[in-house]
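Notes follow the structure.
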Amino acid sequence: MDHYKDFTVEDFVWDTFFRQWVLSPTRETEDLWEEWIGNNADAREKVQQAKSIVLSLRLHEAEIADKDITRIVNETVGRINASEKYPSFEEPTNQLKVYRFPWFRVAASVALLLVAGWAIYSLSSKKEPQKISFEKPIQEHKDNITEKWNPSMKPMTVQLEDGSKVTIAANGRIRYASKFLAAKREVYLEGEAFFDIAKDPERPFFVYSNGLITKVLGTSFTIKAYGNSNEVTVEVKTGRVSVFPESDPAFEQKTSSPELQGVVLRPNQKIIYSREEIRMVKTLVEKPEMVVSKAEIPQFEFEDTPASKVFDTIGKAYGIEILYDEELLKDCPLTATLENQTLHEKLFIICKAVESEYEILDGQIVIHSKGCKN
C-alpha cells in the first residue's frame, strides 16, 4: 500500500479499495487500514476527510440524465463566475457574508467538483455492467481454450480435466483451459454455476466473475454473476473459500499465495459483492444446512439443558460460530425437541424460551441476552 502515501483527499475518495473499506469494512480491511494509518500518521487527517466525503456522497437520488447534469454544473459554475465578476450592489455592505471569504469559495468549488464527479461516476456505473472478458485466457492458452454454454432450462454438468465438476444453470457460460497450467486452475464465469472442486493444495482454483475473484483449494460452492446484475454472490456449501475484488491493491499477492487470503467464507456463509459501490457484505445463506455426516448429527432433544450447551450443539452441527455470554446463559435451562425445524426456527424457539434475541453479523450468529428471570 505504499502508493497511498502520495494520495490527496480526492485520490482517496475515488479509490475503489478505499471506498470498499469505508462503505463495507471487514475485519481484514479494518486491520489493514488501521495499520497503514498508524504507520503514516501524517495522512490521518486526509483519510478522515476522505471518509467523510465518501459517506456523505452515498446518496440514493433519482437518476439524472447526462445532459441535465452538464446543464446544472454549467449553470452553477456560471453563477459563481458571474458573482465574482459582477457582484450585486444591492446587498447591504455592513452585513458580513460568509461566501465572500476566499476559503468558502475554495470549499464550494471542491464540493461542486466532488458532487459533479460523483454524479457522473454513479451514472456511468449504473449502465449495463461490462460482461466478462475472455481475452486473458485466450492470450495465455491460445488454442487450449474451451467454452461451455447452457442454452437449456436444465442444469448442465461439465467435468474438468482435474476432476472438478461445474454445474451450469440456465443460460450460464464458463470458459477455461482444456488442460490447466501447473501453477493454478482458472475458470471464467458468466451467470450461475455450482462448483465441486477437486482438492489440489499445490494448484489453487480461481473463478473470475464480474469483478470478483473466488479462490479455493478444494471445496463446493455456488456463484451467481449475471451480466446485467449489480451483485455477485458466493455461497459456500463445504470447505473454505476466499473472495476479493479485482481492484484489491494486494491482488497479485492474494492470487500468487498458496494460502487463502481476502474475505474467507466457511460452510453456510455467503458474500454479496456490490459492483456499483465496491463493497462486500458477509452473511449466512438463506437456508443453512448441517455440515456434519449423518452419523454425527446430534439428537436435538434437550431437557433442562443449559442454553450455552444448546447453542454449542447447534453451532457445531451447522458449522456456524454462535457467540454468546456464557455467564448470562449458564443458568438458562431449555427443554425442547428441535428435530424438524430449520436453523432459524431452532434459534427463534430457543431465544424465546431463554428470553434472548439473535442477529446475523459478519457471517456469525450473535446472541443478545440479559439473563433469565427464572
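Between CYS351, TYR318, HIS368, whose Cα lies farthest towards the positive end of the dipole of the range 314-374 when Lys and Arg beta carbons carry +1 and Asp and Glu beta carbons carry -1, centred on the Cα centre?
CYS351
Just order 317-327, 148-158, 220-230 by mean Cβ neighbour count inside 10 Å, highest at the front, would you? Before the final figure, lay out each step's value.
Working: 317-327: 16.2, 148-158: 13.2, 220-230: 18.1.
Peptide ranking by packing, descending: 220-230, 317-327, 148-158.
Please report Rg over Rh for the range 266-343, where both radii come from the alpha carbon positions and Rh follows the Kirkwood definition.
That ratio equals 1.08.
Determine the dipole magnitude for the range 135-284: charges of +1 sit on the beta-carbon of Lys and Arg, -1 on that of Asp and Glu, nothing else is charged, the reference point is the Cα centre, and the result goes in debye to the nearest 20.
400
For the range 193-238, which GluC sites (Glu not before Pro) pass both filters: DSSP loop (anything but H, G, I, E, B) and at most 13 other C-beta atoms within 10 Å?
GLU202
How many nm separate the modelled label positions at LYS184 and ALA295, each set 7 Å beyond the Cα in the direction of the Cβ?
3.8
For the range 306-318, what does the Karplus curve 6.51 cos²θ - 1.76 cosθ + 1.60, with θ = phi - 60°, yield as ³J(HN,Hα) per residue in whole Hz, taken in order and with x for Gly and Pro?
x, 4, 4, 5, 4, 5, 4, 4, 5, x, 5, 5, 9
State the percent of C-alpha pairs, over all pairs in the range 168-221, separated by a distance greater than 14 angstrom.
More than 14 Å apart: 52 percent of the Cα pairs in the range 168-221.
Using every Cα-Cα pair within the range 2-56, state what percent have a distance larger than 16 Å. If you can, show how the numbers build up before the last one.
Numbers: 511 of 1485 pairs.
Cα-Cα pairs in the range 2-56 separated by more than 16 Å: 34 percent.
No value in this document is a laboratory result; all are computed from the given coordinates. Not measured: the values here are computed from a predicted model. No Cβ is skipped: glycine too gets one built from the backbone with ideal geometry, and neighbour counts run over all protein chains shown.
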